[in-house]
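**Q** The structure that follows is given in the form of structure tokens.
Throughout, read-outs are computed from the coordinates displayed, never taken from laboratory work. Everything numeric in this text was worked out from a predicted model, so none of it was measured. Here the Cβ positions follow ideal geometry from the backbone for every residue, glycine too, while neighbour counts run over all protein chains shown.
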Amino acid sequence: MNHEAKLIRQLHLCDPKFDFHYLNVNLSFNQTTVKKFSIAIHGGAGTLLKSEMNPKSESKYREALSKALAKGYFILESGGSALDAVTASVVYLEDCPLFNAGKGSVFTSKGTQEMDASIMDGKTQDAGAVAMVRRIKNPVLLARTVLEKSEHLMLAGKGAELFAKKQGIKRVSEDYFFTKQRYKQLLVAKENNEITLDHDSRKFGTVGAVAFDQQNCLAAATSTGGMTNKKFGRIGDTPIIGSGTWADNSTCAISCTGSGEYFMRMNVAFHVACIMKYAKLSLEESVHKVIHELLPTINGDGGLIAVDANGNLCLDFNTEGMYRAYQKNGEKAVISIFKEEK
Ligand code: ASP
């Protein structure tokens, strides 16, 4: 049995329901020395107060984060690429209805669901993005196919759906994405005549992952349903390379979550990379500058996860909390939601 077949079998043993066949696996099972690697994921930022969350739902979120993290970690541990690791973690989060991406995406003002996603490979700085897709089960897989198989960087709407069909990407009926909870949120938002983010006006449920692999390569991916009651046709920061997602091996890989309009105005993800590159600040200092100094100048709220070319991780936000998790090779996974867990 070759390495690829072995991996697929192991991944299925680890979670029989999870389909890993889309990955371009290139793993070395016979590795004797495991080099440094690390991964971080997020499930959105916002007003996440312990006092307002019931223990049952808190543990559901923690479990989902831990499982999503494990998907990517396993790939990195087996010598796989950062690009495969972020893909696997984001696919898991898209399939989980707790988060605002894939199944569980929020509704537009028209009562439809329009999803955005992007992915970037730090090694080549190739990127792929999709916007306003409505029937793609895993938008991040379509973004990855745009990266690998299209001469373009971003496809939107019907053109993206057609490209997906031609590439054999899994499409589902629009009903698949429906969840009662999100529909209720739309009704409330409409009643209050407001455009809200995820569960309430101050929570974001976008998902993302960043990783540093054993070959010293970086990658980032982000996926979202956007904002509840958003205008039909609105596109946020998530599929915009440099705003919601960035990866380049010389600086860092970033995935953002927050009010997309502010993240686009500040080019948040690329901004962090530029501060590192030109001002020569560390990952942590650069993230701090953008999240706590620059974004607040325009009242931008949200957070991001980041990893640098040495595998250092930084998970930061200027909101009350952020669903997040990280793990470095050989260390325990850390799962957090609230600010006080920082
Ligand atoms: N950034 C996303 C958007 O504006 C929302 C989120 O992070 O939840 O579409």
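**Q** Out of residues 5 or more away from F204 or on other chains, whose amide H comes under 5 Å of its own, with H placed 1.01 Å from N in the peptide plane?
**A** For F204, the qualifying residues are A45, G46, T47.
**Q** Consider a paramagnetic label point 7 Å from the Cα of T33 along Cα→Cβ; state which residues of segment 215-236 have an amide N under 16 Å from it.
**A** Output list for this probe position: 215-216.
**Q** Trypsin sites (Lys or Arg not before Pro) within segment 274-336: which are DSSP loop residues with at most 11 other Cβ atoms inside 10 Å? Let's see the in-between values first.
**A** Values: sites: K277, K280, K289, R324, K328, K332; in loops: K280, K332.
Those that pass, being in a loop and sparsely packed, are K280, K332.
**Q** Next up: First measure r as the distance between the Cβ atoms of S66 and L162, then evaluate 1/(1 + (r/R0)^6) with R0 = 35 Å and state the FRET efficiency to the nearest 0.05.
**A** 0.40
**Q** Also, quick follow-up: Compute the FRET efficiency between D175 and H152 as 1/(1 + (r/R0)^6), taking r as their Cβ-Cβ distance and R0 = 30 Å, and round to the nearest 0.05. Mind dumping the intermediate values first?
**A** On the way: r = 30 Å, r/R0 = 0.98.
Taking R0 as 30 Å, the efficiency between D175 and H152 is 0.50.
**Q** Also: Which order results if F317, F232 are arranged by neighbouring Cβ count within 10 Å, fewest first?
**A** By the 10 Å Cβ count, ascending, the order reads F232, F317.
**Q** Hey, got the dipole for the chain? About the Cα centre, +1 on K and R Cβ, -1 on D and E Cβ, debye to the nearest 20? Walk me through the numbers on the way to the answer.
**A** Numbers: 42 positive and 37 negative charges, 160 e Å.
Value, rounded to 20: 760 debye.
**Q** Tell me, M132, M227, M120 in order of fewest to most beta-carbon neighbours within 10 Å?
**A** Ranked by crowding around the Cβ, least crowded first: M132, M227, M120.
**Q** What residues of segment 305-323 lie in the reach of a label at H292, counting those whose backbone N is under 18 Å from a point 7 Å from the Cα along Cα→Cβ?
**A** Those under the cut-off are 305-307, 313-322.
**Q** Fewest to most neighbouring Cβ within 10 Å: what's the order for E52, E320, E285?
**A** E52, E285, E320
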